Amino acid sequence: MAWVAGRYATRSIRRNFRRSLLAIAGIAIGCILALVMQGFNRGRSEMFARAGAYSGAGHLRIVPPGWRDNRDQTRRLVDGDRDFAAIRAQPLVKAVTPRTRAQALLAMGTRVTGVELIGVDPVQEPATNRLVRTIHAGRYLAAEDTGTLVLGSAIARRLGAAIDDDILASVVGPTGDIQNAMFRIVGIVKTGSDIADAMVCQVPMRDMAGLTGRAGIGEISVTLADWRATNRVRDALATTVAQGDDVMTWEDLNPDFKGHMRQDEVSSRVVTGIILLIVLLGVASAQLAAVLERRREFAVLSALGMSGWTMVRLVLLEALTLGVVGGALGMAIGVPIVWRLATTGLDFSGFMGGSFSFGGALVEPIIYVDFGWWVVPYASLVALGATLIASLYPATFAARTDPAVALRVAQ
Amino acid sequence: MNEQVVHAHGLTKAFGGGAQQVWALRGVDLNIGEGEFLALVGPSGSGKTTLLNLIGALDAPTAGELVVLGQTIGTLSRRQRALLRLRSIGFVFQAYNLVPVLTAVENVEFVLELQGLGAERHARAMASLDELGLADLANRRINELSGGQQQRVAVARATAAHPKLVLADEPTANLDGENAEILMHLMGELRTRHGMTFLFSTHDPRVVKHAQRVVTLVDGKVARDDRQPGESPHEILPAEKGHAWAGPEPRRLSSAPR
């Protein structure tokens, strides 16, 4: 856009200053709401990623060949050592832990209950699983432990068990025979969610191998420093782990999460879309009024030879100026709000009664609104995009001005 | 006669359709040569503005032939007509119609910018304002200028690019006698200096007085196309069908050329 035309467009904003101010305020408010909504949406994804990862799934899990299809717990990794080496070569890895799993029956006295028994590395496990950090009674497993067990309070209640009680664990061995072993309860976990408390039943990994008769590692759980790098690290690991071993993300492991997150994402987008539509209609209305007010002027400009396309660009430039000012104002107000919500978090535990279990994970209902460099391009896109779209109709309306009106009106 | 700028033959223009159809022009024949200073007169509703709009490529004729600066208006697209106006035709309006948010020089520059002029456009705009005695007021906003000054800026805007044809619709209607005289005098000088063709639609004897040729339209047709030597505007204007003509008897300025 040429120089005088640019001055024309920008100075035209001052013709009806109050209307321009209202349009700028509308754009700014839309921008703030869109920023908060987007930050909230991204923060909610982070909450689910955190919940999934720290409930034992990890951000990534290396699983044996075929495990993805049938989740057969008797399968073992092709080469656990090589997988560990590949994982440790990744810079964003925060914690790694191996596990094995088996379906088991626990019996104490006359009481019996079915559980998923998990063999763990007592040293590494607490770094990747926050469930086992909520020890209510006793202690967690120690490196030198053997024949010890930590279980959730829901299981302990079902069995009527307490610390130092002996429990009989029975599993199906490699040849279909029943294998038994006695374990002593050293710790009881109480997370606040009965569902989560029913999922914790851990023994040292070497005891698990002795009980099931199956050596090797069933899975390796990987926790990353930044959950947003999940897919990138997955892609890197997919080519470096032992051939045949598979890399799954926390979303793959928790399909319920994935569906729920998509649903949330769609509803957030709908709400954001409604907000933007309201802003869009407000700006369109203000711009149309501005164009209608200057209909004679546009007719004269057309009579002087201004093309319709130039007129469209003039109106769009005018709108763009409003968008830039509105966007800057929106960022000036919205960015501190988003930063504040990112720092303190939005705590919904008052509404939800503390942590809750969802999809096999313990969800801590605190959403830390996402804050990052994305706010600048996002707010700019919202402010400028919405303003430009809103101004398309007024601009084309101006461009359709009949120049013959100029002389008639001028009479 | 010099090279022909406007050639109209059997030119008609109708508005509306069916029973509502109104014929604004009913077969106008008119030729205008290069460098003419022509006044188009006639009572209200006689078709002056419609004819000006057609010649200015603002509208397309219903029937008949209209060639302006070698281009047949009826065959041009909207974009082609806009280009013709931009490159070859200047407009002066009764109500000045300057852009209020721009200064005097920016108003002139705006049109030059649309024509694609680069760095030289400011100098051209200033030169044009200077020709009209407005160089000192170049940086004033439009609302800081008097009516006469605004109309001179409008003339500067219309003539800065030296178009071949300048159309002026009632250019003096909002001006007092002195400003009207000054404006007509300056436009006469521009015509002499740059060879532009001026076509005015007017009710004003002060404009008619300066015109080299007077064409009278009545009921959409050319009723008269001549001027007798020494004939005063008031002798021409009231002669038409007893219509009442606006405008005072002009006082003669010694500096205003005829």
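The values are calculated or read from the model by the stated rules, or taken from the named source; none is laboratory data. All values derive from a computational prediction rather than experimental measurement. As a convention, Cβ positions derive from the backbone with ideal geometry for all residues, glycine included, and neighbour counts pool all protein chains shown.
Quick grid of which residues meet (1) at pLDDT below 90; (2) touching a Lys or Arg at 6+ places or on another chain (Cβ under 9 Å):
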| position | (1), (2) |
| --- | --- |
| A:Ser12 | yes, yes |
| A:Arg15 | yes, yes |
| A:Gly26 | no, no |
| A:Leu33 | no, no |
| A:Glu46 | yes, yes |
| A:Val63 | no, yes |
*Taking the residues in region B:160-178 that are at pLDDT 90 or above, more than 11 Å from the chain's Cα centre (by Cα) and more than 12 Å from chain A (Cβ to nearest Cβ) as candidates, determine which candidate is farthest from B:Ser88 (Cα to Cα).*
B:His162
*Hits in region A:114-151 - residues which are surrounded by fewer than 18 Cβ atoms within 10 Å (Cβ to Cβ), hydrophobic (A, V, I, L, M, F, W, C) and assigned to a loop (DSSP other than H, G, I, E, B)*: A:Val123, A:Ala142, A:Ala143
*Any residue in region A:321-344 that is surrounded by fewer than 18 Cβ atoms within 10 Å (Cβ to Cβ) and under 18 Å from A:Ala399 (Cβ atoms)?*
no
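Being of a type in the set (Lys, Arg) and over 15 Å from A:Leu320 (Cβ atoms) is the filter; apply it to region A:1-33 and report the residue that is surrounded by the most Cβ atoms within 10 Å (Cβ to Cβ). Reasoning before the result, please.
Going residue by residue through region A:1-33, those that are of a type in the set (Lys, Arg) are A:7, A:11, A:14-15, A:18-19.
From the residues that got through so far, the ones that are over 15 Å from A:Leu320 (Cβ atoms) too are A:14-15, A:18-19.
Working: A:Arg14: 9, A:Arg15: 14, A:Arg18: 7, A:Arg19: 16.
It comes out as A:Arg19.
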*With the checklist (1) surrounded by fewer than 23 Cβ atoms within 10 Å (Cβ to Cβ); (2) at pLDDT 90 or above; (3) of a type outside the set (Val, Ile, Thr) in hand, flag the one item A:Pro394 doesn't pass.*
(1)
*Verdict on B:Val92 being at pLDDT 95 or above and in contact with a strand residue (DSSP E or B) (Cβ under 6 Å, 6 or more places away or on another chain)*: no
*With (1) within 13 Å of chain A (Cβ to nearest Cβ); (2) among the β-branched types (Val, Ile, Thr); (3) within 13 Å of the chain's Cα centre (by Cα) as the list, and B:Val41 as the residue in question, which single condition is left unmet?*
(1)
*Candidates B:Ala161, B:Ala168 - the one that is part of a loop (DSSP other than H, G, I, E, B) and under 18 Å from B:Leu132 (Cβ atoms)*: B:Ala161
_Where a residue in region A:11-25 is within 11 Å of chain B (Cβ to nearest Cβ) and its partner, wherever it lies, is surrounded by 15 or more Cβ atoms within 10 Å (Cβ to Cβ), with Cβ under 6 Å and at least six apart_ = A:Arg11/B:Val101; A:Ser12/A:Glu318; A:Ser12/B:Val101; A:Ile13/A:Ser20; A:Ile13/A:Thr321
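Out of the residues in region B:46-73 that are assigned to a helix (DSSP H, G or I) and facing another protein chain (nearest Cβ under 8 Å), which is nearest to the chain's Cα centre (by Cα)?
Here is the first cut: in region B:46-73, the ones assigned to a helix (DSSP H, G or I) are B:48-55, B:73.
Checking which are facing another protein chain (nearest Cβ under 8 Å) leaves us with B:49, B:52-53.
On the way: B:Thr49: 10, B:Leu52: 8, B:Asn53: 10 Å.
Applying the filter and picking the extreme gives B:Leu52.
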*Being closer than 30 Å to A:Gly273 by Cβ and touching a helix residue (DSSP H, G or I) at 6+ places or on another chain (Cβ under 9 Å) is the filter here, so list the residues in region A:43-86 that pass it.*
A:Gly43, A:Arg44, A:Ser45, A:Glu46, A:Phe48, A:Ala49, A:Arg50, A:Ala51, A:Gly52
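What residue, of A:Val291, A:Val312, A:Val283, is under 11 Å from A:Pro394 (Cα atoms), in a helix (DSSP H, G or I) and within 14 Å of another protein chain (Cβ to nearest Cβ)?
Step by step, each of A:Val291, A:Val312, A:Val283 is checked, and only A:Val312 is under 11 Å from A:Pro394 (Cα atoms), in a helix (DSSP H, G or I) and within 14 Å of another protein chain (Cβ to nearest Cβ).
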*Across region A:69-100, which residue is nearest to the chain's Cα centre (by Cα) among those that are surrounded by 14 or more Cβ atoms within 10 Å (Cβ to Cβ) and assigned to a helix (DSSP H, G or I)?*
A:Ile87
*Of all residues in region B:74-112, how many are at the interface with chain A (Cβ under 9 Å from one of its Cβ atoms), in contact with a Lys or Arg (Cβ under 6 Å, 6 or more places away or on another chain), over 21 Å from B:Asp59 (Cα atoms) and in a helix (DSSP H, G or I)?*
3
